[in-house]
Each structure stands twice: as C-alpha cells, then as structure tokens.
Amino acid sequence: MGKKLVFTLVLASFVGSFAVDGLRCYTCNSPTISCNAPYSQVCNSAVANQTSNWLRTIHSDVPDVNSNNFTCMEQFYNASNNVREILGCVHSVIPVCNLTVSTQWTQNCRTCNWDNCNRNPAGTHSRSTYTIMASTMALLLVKLSIKDII
C-alpha cells in the first residue's frame with residue numbers, strides 16, 4: 001500500500017509541474033515590424049510593463065500599474081493601410097481595448113486569459129496539449145502499475 005501511495009504522489013507532482021508556470025502569452029510588440037514570429041512568454045510584471053510602455057507610444061491614457069494579475073492581448077493597429085499587430089501580456093486592471101488612441105491609428109482589440117490565447121500559429125501545440133498527453137500517459141502507467149501490484 002505504501003509503495004502505491006508514494007508512486008502516485010511522485011507521479012502526480014511530476015505531471016502537476018507542467019501546469020504551474022503561470023499565464024503564458026504570445027509576445028511581439030515592435031512599432032516597426034509586424035508580428036510574423038511571435039514568441040511565448042510567462043507573464044510577470046516586467047513583461048507586462050514592457051507591453052504597457054509600448055502601448056504608451058500609441059495611447060494617451062495607459063495607467064502606470066503594478067499588479068500580479070495578467071491577461072493576454074492582441075491588437076491590430078491601422079494607419080493609412082499600414083497594419084501592425086501587437087501581442088503581449090498586460091496587467092489585467094488596464095482596460096487595453098478601451099484606451100484612447102492618441103495618433104492617426106485605429107485599432108481592433110481583444111483580450112483573453114488562458115495560455116497562448118492571443119494567437120495560435122498553425123501547427124503548434126500549447127502547453128495544455130502536452131499536459132493532457134502527459135496526464136493520459138500517467139493514468140495508463142498508474143493503471144498498469146496497480147494491476148501488477150495487486
């Protein structure tokens with residue numbers, strides 16, 4: 001009985017370690033280059049502040065906040081058929097889609113709060129896909145090991 005319990009706890013902690021990183025968002029926030037190759041980052045205050053600083057170049061009312069709650073954002077800006085896509089992680093208290101556009105830009109915006117929800121390039125898997133696969137394999141291993149022990 002003790003071996004089963006130890007094995008199950010070790011296995012559960014291993015599988016659970018895949019999901020504790022925090023919110024991950026695709027990031028690509030360059031004012032001169034469109035977002036052709038976004039990369040995934042774990043949200044933290046530094047990453048959210050970097051996105052907020054970039055947003056201040058287009059919006060006049062981005063508040064200066066420091067919190068531990070984050071959301072992913074995706075914005076498209078258009079000025080004279082010059083379209084830019086901005087992806088990033090922001091502090092969730094900032095109303096990103098309701099900010100005032102301070103220049104000739106118009107915007108299309110959305111926010112979300114699950115891993116890599118602000119864009120999913122074709123042919124890639126999110127961390128949740130790998131977590132589901134690892135959980136399935138772990139369940140099969142536990143089932144087989146319990147069958148062998150009994």
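Since every read-out is calculated from the coordinates, none of them should be taken as a lab result. Just so we're clear, the structure is a prediction, and the values are computed from it rather than from any experiment. All Cβ positions, even for glycine, are placed from backbone atoms using ideal geometry, and neighbour counts span all protein chains on display.
In segment 22-119, the ratio of gyration radius to Kirkwood radius, Rg to Rh, stands at 0.93 when only Cα atoms are counted. With the simple model of a label 7 Å out from the Cα in the direction of the Cβ, W114 to N49 spans 3.1 nm.
Counted by Cβ distance under 15 Å from M73, the other residues give a net charge of +2, where Lys and Arg count +1 and Asp and Glu count -1. Can you tally the net charge around I86? Count Lys and Arg as +1, Asp and Glu as -1, for every other residue whose Cβ sits under 15 Å from the Cβ of I86. That sum, taken over residues with Cβ under 15 Å, equals +2.
Relative to the Cα centre, the charge distribution of segment 22-119, modelled as +1 at Lys and Arg Cβ and -1 at Asp and Glu Cβ, gives a dipole magnitude of about 120 debye.
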